[in-house]
1. So which residues in the stretch 31-75 are of a type in the set (Gly, Ala, Ser) and within 16 Å of the chain's Cα centre (by Cα)?
2. Out of all the residues in the stretch 86-108, is one or more of a type in the set (A, V, I, L, M, F, W, C), modelled with pLDDT of 95 or more and either under 19 Å from residue 122 (Cα atoms) or in contact with a strand residue (DSSP E or B) (Cβ under 8 Å, 6 or more places away or on another chain) (or both)?
3. When the residues of the stretch 116-125 are filtered to those that are surrounded by fewer than 18 Cβ atoms within 10 Å (Cβ to Cβ) and either among the hydroxyl-bearing types (Ser, Thr, Tyr) or in contact with a Leu (Cβ under 7 Å, 6 or more places away or on another chain) (or both), which remaining residue is modelled with the lowest pLDDT?
4. Out of the residues in the stretch 59-81 meeting the condition of being of a type in the set (A, V, I, L, M, F, W, C) and assigned to a loop (DSSP other than H, G, I, E, B), tell me which one is modelled with the highest pLDDT.
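The values are calculated or read from the model by the stated rules, or taken from the named source; none is laboratory data. This is a predicted model, so every value here is computed, not measured. Glycine gets a Cβ as well: all are built from the backbone with ideal geometry, and neighbour counts include every protein chain shown.
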Amino acid sequence: MPNESWAWLIEKVIPSQRGAGRQIIDEVLARLQHHQWGSHDVFSVQLALEEAIVNAIRHGNRMDASKQVHVVCKMSPQRIFIEITDEGPGFDPEQVPDPTDDEHLECPGGRGIMLMRSYMSRVEYNETGNTVVMEKERTDLA
């Protein structure tokens, strides 16, 4: 959708420390609620955004205080676009075990990625694996 007009845009750089993404998450949720996105969509975006930011801080940057996380969020009346980039070495998301497989049920790894894919309309990683792009198409009204 190259000609889509974005009603709202935020770009932030946050430190690699617990809780650093709270302000961005709160701002995104407030904007969705202001535009009367339905509660299921708001919950979906909140869960995916929290997971992606925590993954970038904890797994990407490994809690390294010298590294940052770059966050871009854009919203149109019907869609939200989120891009999160960490300064870590990246990873191959296809190599993350499926947490619903019997042999991985007790392992915590992979659940965040699974949740992001379940709740968002699109989740893609760059070739390096240090940037995730997520989109959510609006599905319900408040």
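1. 44, 48, 52, 56, 60
2. no
3. If we take residues in the stretch 116-125 being surrounded by fewer than 18 Cβ atoms within 10 Å (Cβ to Cβ) and either among the hydroxyl-bearing types (Ser, Thr, Tyr) or in contact with a Leu (Cβ under 7 Å, 6 or more places away or on another chain) (or both), then 118 is modelled with the lowest pLDDT.
4. 63
Residue-by-condition table, conditions (1) among the charged types (D, E, K, R); (2) out of contact with any helix residue (DSSP H, G or I) (no Cβ under 6 Å at 6 or more places or on another chain); (3) surrounded by 17 or more Cβ atoms within 10 Å (Cβ to Cβ):
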position: 8; (1), (2), (3): no, no, no
position: 17; (1), (2), (3): no, yes, no
position: 36; (1), (2), (3): no, yes, no
position: 40; (1), (2), (3): no, yes, no
position: 43; (1), (2), (3): no, yes, no
position: 49; (1), (2), (3): no, no, yes
position: 59; (1), (2), (3): no, yes, no
position: 67; (1), (2), (3): yes, yes, no
position: 74; (1), (2), (3): yes, yes, yes
